[in-house]
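Read through the structure below, which is laid out as structure tokens, and then see the notes.
Quick note: the coordinates plus some simple rules give every number you see, no bench work behind them. Everything quoted here is computed from the prediction, not taken from an experiment. We place every Cβ from the backbone using ideal geometry, glycine too, and count neighbours over all the protein chains shown.
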Amino acid sequence: MNKQTTLDFKFVKILGEGSFSTVVLAFSVKTHIPYAIKIVEKSHVIKHNKIEATMREKDMYSMMSYELIVKLVCTFQDANNLYFVLNYCHGGDLYTLLNHHKLFTVDVAQFYLAELVLCMEYLRSTNILHR
């Protein structure tokens, strides 16, 4: 993906919010492909001394290439924000899925646990530590 700006995307809705960022569903204006764009306020990063942690997060996303882990497509910035363009997972995350179903059957729980173990093995093999 070439150098991007906010004008290259149509921002549709908020998918989630954290203490340092907001994740928004956005579509590429050119291709109409959906993305999850993590928006991080620069002033918040600076105020809370999170510059190094934010750079590590970008580096970590860039290093990962595993089908069970969301992929970083590109990053860009403007005067106020940093943007992490990630592949959009149509089904949401495991937390959302569990909230929707309230309870997993044993078979479903075993399936997701096995996928989590595979992800952890991948992270360990690439020397990425997961808290």
Cα long-axis angle, helix 106-125 against the chain (0 to 90 degrees, to the nearest 10): 50 degrees
Considering only A114, T6, I37, whose Cα is most displaced toward the positive end of the charge dipole of the chain, charges sitting on Cβ of Lys, Arg (+1) and Asp, Glu (-1)? T6
Does anyone have the angle between helix 51-63 and the longest principal axis of the chain? Alpha-carbon axes, 0 to 90°, nearest 10? 60 degrees
For 62-68, 8-14, ranked highest to lowest by mean beta-carbon neighbours within 10 Å, the order is 8-14, 62-68
Determine the gain in length on full extension of the stretch I51-L98; use 0.36 nm per residue of separation and subtract their C-alpha separation, reporting nm with one decimal. 13.6 nm
Which of rounded, prolate, oblate describes region 91-131, given a ≥ b ≥ c as roots of the alpha-carbon gyration tensor eigenvalues and a/c under 1.5 marking rounded, otherwise prolate only if a/b is larger than b/c? prolate
Counting Lys and Arg as +1 and Asp and Glu as -1, each charge on the Cβ, what is the dipole of the chain about the Cα centre in debye, to the nearest 20? 340 debye
